[in-house]
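Novice: Have a look at this one before I ask anything.
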Amino acid sequence: MEKYKIILFDADETLYDYKKNEATAFTLALRDKTELDPSKFAALYQAYVRINESLWKSYHNGEITKEKLLTDRFSILFHEFNLSGNSAEFGEYYLSLLGDQNFLMPDAEQVCARLSESCTLAIVTNGVSSVHKKRLNNSSINPYIAAIIVSGDFPEKKDFQKPNPVIFEYAHQLIDAGTPKEQILMIGDSLTSDVAGGIRYGIHTCWFNARQESNTTDFKPTYEINNLKELFPIAAEQT
């Protein structure tokens, strides 16, 4: 039989080209909600990425809440650039646009289509639930994804996010509690979130290392791939 019955995917930078989706949504929001010269958009986007990444790091470390992250990233940006307008309203508009962007990573649709023929596929992601679900509903990979588990669906559970193993346990129970852990594979681009969380839950992991970076962490994935098509021989291994 197939080596894996359940394959769990991270969303951003694994299935979705998040950077392209993010840049597109941000540019559209600036165009629609500000009167800035478009020549300034690039500098604003670079600053936003810096602020956003710093806040997400704080969130993953348990230092701030998701709500503070979503509020502060635009209030800080508006303050740095002395922008007029309501930063909270801008943030809400940006999120609505982000959910509309469906740029996929190379070969993501083909890989999901083929793997879904023999495995149950699901997405396990931290992030904003409304964005992830809206995007998936309008995506070409939607027919192949059996479930999506978003940490933002459980705001009352402070630790319900990768790399905490509780979110992987929830996904396991939701999809098929009878599947042994050794027949579950987690795939993602983050060593400290996707791989670390999978290891802590006791399932096999695959690091999607599209940028071919060095692993400087203590987390050692079961597999490492540079493109999604490399999953085919991994998933097809016989037990």
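Bear in mind these aren't lab numbers, they're just calculated from the coordinates by the rules spelled out. Since the model is a prediction, treat every value here as computed from it, not as a measurement. Here the Cβ is made from the backbone with ideal geometry for all residues, glycine too, and neighbour counts use every protein chain on show.
Novice: Return, ordered by residue number, the residues of region 164-205 whose backbone nitrogen is under 20 Å from a label point located 7 Å along Cα→Cβ of Glu224.
Specialist: Only 185-200, 203-205 pass the distance filter.
Novice: Which whole-Hz couplings ³J(HN,Hα) result when phi for each residue of region 9-25 is put into the Karplus expression 6.51 cos²θ - 1.76 cosθ + 1.60, θ = phi - 60°, listed in order with x for Gly and Pro?
Specialist: 10, 6, 9, 6, 6, 10, 9, 9, 7, 4, 4, 5, 4, 5, 4, 5, 5
Novice: In addition: Based on DSSP H runs of at least 4 residues, each adding -39500 (n - 2.57), what is the mean residue ellipticity at 222 nm of the chain after dividing by all its residues, to the nearest 500 deg cm²/dmol?
Specialist: Roughly -13500 deg cm²/dmol at 222 nm, from the helical runs in the chain.
Novice: While we're on this one: Report the GluC sites (Glu not before Pro) located in region 83-191 that are in a DSSP loop and have at most 11 other Cβ atoms inside 10 Å of their Cβ, or state none.
Specialist: Listed in order of number, the matching sites are Glu117, Glu156.
Novice: Using only Cα atoms, find the angle between the long axis of helix 165-176 and the longest principal axis of the chain, and express it within 0 to 90 degrees, rounded to the nearest 10.
Specialist: The angle comes out near 60 degrees.
Novice: Now for a separate question. Within the set of other residues whose C-beta is less than 13 Å from the C-beta of Asn102, count the net charge using Lys and Arg as +1 and Asp and Glu as -1.
Specialist: Once positives and negatives cancel, what remains is -1.
Novice: Where does helix 87-98 land angle-wise versus the long Cα axis of the chain, in degrees 0 to 90, nearest 10?
Specialist: 40 degrees
Novice: Right, here's the next one. Comparing Leu69, Leu121, Leu136, which has the greatest mean-square fluctuation in the GNM of the chain with Cα pairs linked when under 10 Å apart?
Specialist: Residue with maximal mean-square fluctuation among Leu69, Leu121, Leu136: Leu69.
Novice: Just need the relative contact order of region 191-239 here, percent rounded to a whole number, with Cα pairs under 8 Å and 6+ apart.
Specialist: Answer for region 191-239 is 35 percent.
Novice: What are the ³J(HN,Hα) values, in whole Hz, obtained from phi via the Karplus relation 6.51 cos²θ - 1.76 cosθ + 1.60 with θ = phi - 60°, for each residue of region 203-219 in sequence order, with x given for Gly and Pro?
Specialist: With the stated coefficients, region 203-219 comes to 10, 6, 10, 9, 8, 7, 9, 5, 8, 6, 8, 7, 8, 9, 9, 8, 8 Hz.
Novice: Counting only C-alpha contacts under 8 Å and six or more residues apart, can you give the relative contact order of the chain as a whole percent? List each step's numbers first, then the result.
Specialist: Numbers: 361 pairs, mean separation 60.0, N = 239.
Relative contact order of the chain: 25 percent.
Novice: For the chain, state what percent of all Cα-Cα pairs lands in each successive 10 Å bin, counting from 0 Å until the bin that includes the largest distance.
Specialist: 7, 31, 35, 19, 7, 1, 0
Novice: Then there's this: Report the residue, chosen from Thr65, Thr179, Thr216, that carries the largest GNM mean-square fluctuation when the chain is represented by alpha-carbon nodes joined by springs under 10 Å.
Specialist: Answer for the Gaussian network model of the chain: Thr216.
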